[in-house]
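Notes to accompany the following structure.
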Amino acid sequence: MIPNSRKEIIARMLGELGLKDVKGLYSDVPQTLLLDRPPDVGKSMSQADVSNVFEREILRRILDVNLIFTGGGIADHYVPALVDELSSRQEFYTSYTPYQPEVSQGVLQVLFEYQSLMAELLGMDVVNASLYDYASALGEAGRFSIRVTKRNKIVLASTIHPERYSVLKTYVEPLGTELVLIPYDESGELSLEDLSSVVDESVAMVYVESPNFFGVIETRIEEISQLCHDKGALLAVGVDPLSLGLIKPPGEMGADIVIGEGQHLGGYMNYGGPSLGIFAIKRRFRHIRQMPGRLIGITRTVDGKFRGYSMVLQTREQHIRQEEATSNITTNSSLMAIRAAIYLSLLGPDGIRKISEKIFYNTLYLKRKINELSCFKTLFPRSISFKEIPVIADKSWEDINKFLLSKGILGGFIIGSRFPELDSEKKIALFSTTEVHTKEDLDYLIQSMREVC
Amino acid sequence: MRYIQARWEEGDGILEPTVFELGKRGDGGTPIVSVEEELMEEIGSLDEILPENIVRRSINLPGLSEPEVARHFSHLAQMNFGVDSGPYWLGSCTMKYTPKLAMRIASVSKIRRLHPYAPEEQVQGILKALYELKEMLSKITGLPYFSLQPAAGAQGELVGALMIRKKFMDLGEKRDEILIPESAHGSNFASAAMAGFKVVRIPPSDEGTVDLNALRAAINERTAGMMITNPNTLGIFESDVLEIANVLHSNGSYLYYDGANLNAIMGWILLSDMGVDIAHLNIHKTFSAPHGGGGPGAGAVGTTEEFRDFLPIPVISKRDDYYFLDYNVPKTIGKVRMFYGNIGVLIKAWVYLKLLGGEGVRSVSTIAVLNANYARKKLVEMGFEVLYGKDRPCKHEFVLSLSGLKKKYGIRALDFAKALIDRGFHPPTIYFPLIVPEAFMMEPTESDSLREIDGYVNAMGDILRRIEENPEEILQAPKNSAIGRIDDVFGTKKLWLTWKIYENEGR
């Protein structure tokens, strides 16, 4: 891995520098700091040995399961072979942020296309070149809304994913922002009565997820938007981009900010990361200047002859504006955005519509079948659901999941095991179904659950 | 050497068309799944199930076939320079080679398809790998506790700054200032500000290092800590680091270490021995995970015992032989991203360190520093100017000032950088650090062979000669890249940020 590590090369290079040994390279370091020997991180291993150890000690101790029905914000989606193929080109994955646009037109154009494709899908005007993940995108959205409105209160639906809530709290804590949670109604949607009693001229942002943590699609975004805008608050909506093949995008329903998880667009679960944080706004000049993250724009060559791409509005960013920057973000999730661009280009309108349909059908079917079982019922049975289904059992979910695993199924996420504040008795497990599941898979899950009853 | 990048040229001033020009909008594309008829029959029409007011009527994405998409993105890849293309001496970015075994292991299906809420006892393997990575990072830094959660270096900085903030809240002290050297990475300032601190800048000494007198003058009872990188952004080791730590600690303040430049001292110096209290490490720089065109990276944060209880939750712990996600961190700052970190990136560092072993870790830094010193010596002999620290060894990088060329020939660092492109070398970081006029910040890594280093140096010499003969020629560079010199200002003036905006206003 280290071409110049051969003794004769080292000797030759040291000779050029007039040094006797490599320690001379560290003569400027207080000698008490220099270690006698290298750190004990084990002996160097050959490639074949590392492969072996990985296989034996790591891989064998990870479950082997093909049917994954676990919910909670990350799901098993189908990744087209083309996405893997193209994103493994070294020109994409080994390069850095495109600081030198002339040799980096490839990445720049892909990221520009990502911004453009995503803007179309979300019905928004401006999308940045990616943030880390859905949750940090929410953190940035919160800070963005506070900068833009100069207000310091955020109102959110209590059906938010608890991990996202936790990240938002971390991001705005230094600003002393007040966070107000709004309860949900019997259908699992945000309670408009409660919202209207809370939203006033002190609110910077109202945040609602659709689908929310429980998979419920909000059907009243337009009314919520009206409520916000009457008081000068910004409306931020968190989405699952794959629902937007069938559902009207938040941009067309009054959202000022849209965020979401892009892992679903050609990305893998990877035990939770990396992800793709989607961040989009409407095109208001003042807002664009307050945006976090990189932006790619169309430009031209100095001689005016060619259309090209470059990073724009860098004066918002940390490497120029330092502590006045809109965010500290530097490294982002470009390769995930590249994957999403390839994915959206491949699927096109027909592909996106089809995948939305499939997930809706699977969700509806699974929900209906679960409710036909004697010992299970779903939370919010009458809501419009996408992908995620909270299921209530009258037995121990730990036992049920163990049984399902013996059948080759990774079962629901037991909400109370991680978030006891939501379900102290661990009665609810969050299932999810995606386009990878066939009707046969769903029937097999139902059959297996029936055996528990 | 000469390099000619692929250039796909459609004509009329357009290189590769965008997907919106290639495919008809609102129609077509490639369905990758099918909906089973039995399901549709059982459930009925979605039109009747979904309320009309929330149904989408049109999707204006372009519709393309798979071969069209494959060729389009292949063309774009060909118009991009990567680390496997050639030397990439982008200062402070550590553009090293990623062992392909790391790529293969990270793409194993069981890892890729691992759900973050899979039960702990079923994922002992991945937790073990992450735990081992933490242990190896501890051995390398001397910092006993690690969080692997931050998604990037800057997020690690934010975590560190938030931990310091929380620490003083816990102690009941009001300290709201962070000291940062003027030459620091921009993200340090931004992260400290995001965590609610007021930033106090420390000017450099004549040597380019932290000015101890300036530090003593700036420190006071409101100083929470200081963020430094060592070696600093000039590639100079802060030899006074023990005194810096001492000044901070005796004031009750903490020392934060930005690990962007760890590739210079790994295996030689422990951060803990330098008095570091908290540090972030850039997994995508030092530990060979690729940069992905800008990300994703990973920013592991290490701490001393004093900050253990403040780390983000969960931390990965071990009890007997059982690995688990430990949420019992009493004073945690909370979470900065969902789940546990960029696992797909972190696993590559595990592979990298297994391949290297302890000797290899040290050897990485040794050779990176050797390469940098060798290149600097050769360049200085050619007449290039180093403003700071020229009489001492540099570390993994060094900074030239091209201001002489600007005065004499009107050639800026930017022009010089573009001329390197035509010779097959990715330019260095330019105009940073700000304290060096016409800065040329060069970081060869241990991945470059002597032949390539000589090639880079000779290309610099060749450009120098051309400037002396005909500076005009350099102003025209680059000529061999996919596109000629880009006008950055024009793009920022127009703000054509999407195809739709461009279609409406640009054409």
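The values are calculated or read from the model by the stated rules, or taken from the named source; none is laboratory data. These numbers come from a predicted model, not from an experiment. Don't worry about glycine lacking a Cβ; one is built from the backbone with ideal geometry, like all the others, and counts go over all protein chains shown.
Can you find, within the range B:186-208, the residue that is surrounded by the fewest Cβ atoms within 10 Å (Cβ to Cβ) among those that are part of a loop (DSSP other than H, G, I, E, B) and more than 10 Å from every other protein chain (Cβ to nearest Cβ)?
Within the range B:186-208, the match that is surrounded by the fewest Cβ atoms within 10 Å (Cβ to Cβ) is B:Asp206.
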**Study point:** Pairs where the first residue, in the range A:247-276, is without any contact (Cβ under 8 Å) to a residue 24 or more places away in the chain and the second is in a loop (DSSP other than H, G, I, E, B) and of a type in the set (Val, Ile, Thr), C-beta under 8 Å, 6+ apart
**Key:** A:Tyr271/B:Val123
Practice item. Would you mind stating whether B:Glu446 is in contact (Cβ under 8 Å) with a residue 40 or more places away in the chain and closer than 28 Å to B:Ala289 by Cβ? Key: yes
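Residues that are surrounded by fewer than 22 Cβ atoms within 10 Å (Cβ to Cβ) and either touching a strand residue (DSSP E or B) at 6+ places or on another chain (Cβ under 7 Å) or modelled with pLDDT of 95 or more (or both): does the range A:103-125 have at least one?
Checked against the condition, which is being surrounded by fewer than 22 Cβ atoms within 10 Å (Cβ to Cβ) and either touching a strand residue (DSSP E or B) at 6+ places or on another chain (Cβ under 7 Å) or modelled with pLDDT of 95 or more (or both), the range A:103-125 yields at least one hit.
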Practice item. Output yes when any residue across the range B:169-185 is surrounded by fewer than 24 Cβ atoms within 10 Å (Cβ to Cβ), basic (Lys, Arg), without any contact (Cβ under 8 Å) to a residue 60 or more places away in the chain and in contact with a Phe, Trp or Tyr (Cβ under 8 Å, 6 or more places away or on another chain), and no when none is. Key: yes
Point to revise | Residues being out of contact with any helix residue (DSSP H, G or I) (no Cβ under 9 Å at 6 or more places or on another chain) and either within 24 Å of B:Phe287 (Cα to Cα) or of a type in the set (S, T, N, Q) (or both) - total across the range A:1-22 | key: 2
Point to revise | Test result for A:Leu117, touching a residue at least 60 places away in the same chain (Cβ under 8 Å) and within 12 Å of chain B (Cβ to nearest Cβ) | key: yes
**Study point:** Test for B:Phe146: is it buried (at least 24 other Cβ atoms within 10 Å of the Cβ), more than 11 Å from chain A (Cβ to nearest Cβ) and under 23 Å from the mean Cα position of the chain (by Cα)
**Key:** yes
Review point. Given the range A:140-255, what strands (runs of 3 or more DSSP E) lie entirely inside it while holding 2 or more residues that are surrounded by fewer than 23 Cβ atoms within 10 Å (Cβ to Cβ)?
Key: A:178-182
Review point. Looking at B:Gln155, is it surrounded by fewer than 23 Cβ atoms within 10 Å (Cβ to Cβ) and either aliphatic (A, V, I, L, M) or facing chain A (nearest Cβ under 7 Å) (or both)?
Key: no
**Study point:** Which listed residue, of B:Gly275, B:Gly295, B:Gly302, B:Gly267, is surrounded by fewer than 24 Cβ atoms within 10 Å (Cβ to Cβ), under 18 Å from B:Ala349 (Cβ atoms), out of contact with any Gly (no Cβ under 6 Å at 6 or more places or on another chain) and in contact (Cβ under 8 Å) with a residue 12 or more places away in the chain
**Key:** B:Gly267
Review point. Within the range A:406-415, is there a residue that is farther than 24 Å from A:Asp240 by Cβ, outside any loop (DSSP other than H, G, I, E, B) and modelled with pLDDT of 95 or more?
Key: yes
Check your understanding: So, of the residues in the range A:30-70 that are farther than 30 Å from B:Tyr322 by Cα and under 43 Å from the mean Cα position of the chain (by Cα), which turns out to be surrounded by the fewest Cβ atoms within 10 Å (Cβ to Cβ)?
Key -> A:Arg37
Practice item. Considering only the range B:477-500, state which residues are surrounded by 23 or more Cβ atoms within 10 Å (Cβ to Cβ) and either outside any loop (DSSP other than H, G, I, E, B) or among the aromatic types (Phe, Trp, Tyr) (or both). Key: B:Ile486, B:Gly491, B:Trp496, B:Trp499
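Condition check ((1) more than 8 Å from chain A (Cβ to nearest Cβ); (2) in contact with a Leu (Cβ under 7 Å, 6 or more places away or on another chain); (3) more than 20 Å from A:Ala137 (Cα to Cα); (4) modelled with pLDDT of 95 or more) across all residues:
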| position | (1), (2), (3), (4) |
| --- | --- |
| B:Gly293 | no, yes, no, yes |
| B:Gly302 | yes, yes, yes, yes |
| B:Asp326 | yes, no, yes, yes |
| B:Gly334 | no, no, no, yes |
| B:Phe339 | no, no, no, yes |
| B:Asn342 | no, no, no, yes |
| B:Val345 | no, no, no, yes |
Check your understanding: Looking at this structure, is A:Leu344 at pLDDT 95 or above, within 18 Å of the chain's Cα centre (by Cα), facing chain B (nearest Cβ under 7 Å) and over 17 Å from A:Leu131 (Cβ atoms)?
Key -> yes
Exercise for review: Of all residues in the range B:452-474, count the ones that are surrounded by 18 or more Cβ atoms within 10 Å (Cβ to Cβ) and closer than 22 Å to A:Gly304 by Cβ.
Suggested key: 1
